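As structure tokens, the structure follows; a few thoughts come after it.
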Amino acid sequence: MSIQRIEEIRNIPLFADIGDESFATLTRGAYFQAFPANMELITEGESADFLHIVHSGCVELFSTWAGNETTITTLYENSTFILAATIKDAPNLMSARTLSKSEVIMLPSEDVRWVFERDPAFAMAIVVELSRCYRATIRNMKNLKLRSSLERLANYILKQHHRQGDTLTITLPIEKRRLASYLGMTPENLSRAFKSLGAHSVRVDGQKVTIGDIDALNRFAKPDVLID
């Protein structure tokens, strides 16, 4: 990799505090690669040979069983995936594919484990990242179990509203069928839910969603810091 690419990796929070020797070990076999949309990066059940970090674009984590497929989550800039499998030297529990043109950093898992065992700063950064991922999993579980499908969709729209600069017209970042899977719904239920949100001043046109009254949507969604 070029010096510029290595410096970009150094600026990622996961590597900000580790020693120079440790960082050199981590990046000696690293790859910085661009992928087109809909490219499968890893497959569940296979060994976790690389720790992956999303540098740009969007990556979907998903799983399949008995002919069914579900979206686990979508990841954006500086998000890691398959970190737990990398540290445990265990098979991937999920598959991953790009949803848009994406740049991904790949660090050999053997090097990650070697540095994890020897560099306290990196070990602490790994613990912090795994803790963040664990808390995100709990939040998602609470969202799925405690809210109706309509409430889940309303809160998803609010999160995209904030993520996209508090604009009242947002663009759904993923296809509706994938959004339905992520929210634990069928595509048909998602379509009905969008129509139902019309009563709370939400209009949808393709991938565009317009919020007519943000206060009305907030009153219905009741976002919670312990979930959202």
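A compact table of results
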| read-out | value |
| --- | --- |
| For the stretch 3-144, the fraction of alpha-carbon pairs in successive 5 Å shells from zero, as % | 2, 10, 19, 23, 22, 15, 7, 3, 1, 0 |
| For the stretch 167-174, 3J(HN,Hα) per residue [Karplus equation, 6.51 cos²θ - 1.76 cosθ + 1.60, θ = phi - 60°, Hz, x = Gly/Pro] | 6, 8, 10, 10, 10, 4, x, 10 |
| Long-range amide H partners of ILE72 with built H, under 5 Å | LEU61, PHE62, SER63 |
| The stretch 3-144, relative contact order in percent, only Cα pairs under 8 angstrom and at least six apart counted | 32 percent |
| The stretch 61-187, relative contact order [Cα under 8 Å, separation at least 6], % | 23 percent |
| Mean residue ellipticity (222 nm) of the chain, computed from DSSP H runs ≥ 4 via -39,500 (n - 2.57), nearest 500 | -13000 deg cm²/dmol |
| Over the stretch 162-228, relative contact order from alpha-carbon pairs under 8 Å, at least 6 apart, % | 30 percent |
| For the stretch 175-190, Karplus couplings with θ = phi - 60° (6.51, -1.76, 1.60), whole Hz, Gly/Pro x | 4, 5, 5, 6, 5, 4, 4, 4, 8, x, 10, 8, x, 5, 5, 5 |
| Stretch gain in nm, segment MET39-LYS195, where the contour uses 0.36 nm per residue and the Cα spacing is subtracted | 52.9 nm |
| Mean projected area (nm²) of the alpha-carbon convex hull when the stretch 148-221 is viewed from all directions | 4.1 nm² |
| Placed amide H near LEU99: partners under 5 Å, 5+ positions off or other chain | ASN38, CYS58, VAL59, GLU60 |
| Integer Hz, Karplus 6.51/-1.76/1.60 couplings in order for the stretch 53-69, x for Gly and Pro | 10, 6, 8, 7, x, 8, 10, 9, 9, 9, 9, 10, 7, 6, x, 9, 10 |
| Helix axis angle, 149-163 relative to the chain longest principal axis, alpha carbon, degrees | 60 degrees |
| Cβ charges +1 (Lys, Arg) and -1 (Asp, Glu), total dipole of the chain, debye | 1120 debye |
| Gaussian network model of the chain, Cα within-10 Å springs - most flexible of ALA90, ALA30, ALA199 | ALA199 |
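Where a number appears in this text, it was derived from the coordinates with a stated rule and is not lab data. All values reported here derive from a predicted model rather than from experimental measurement. Note that we place each Cβ from the backbone using ideal geometry, even for glycine, and neighbour counts take in every protein chain shown.
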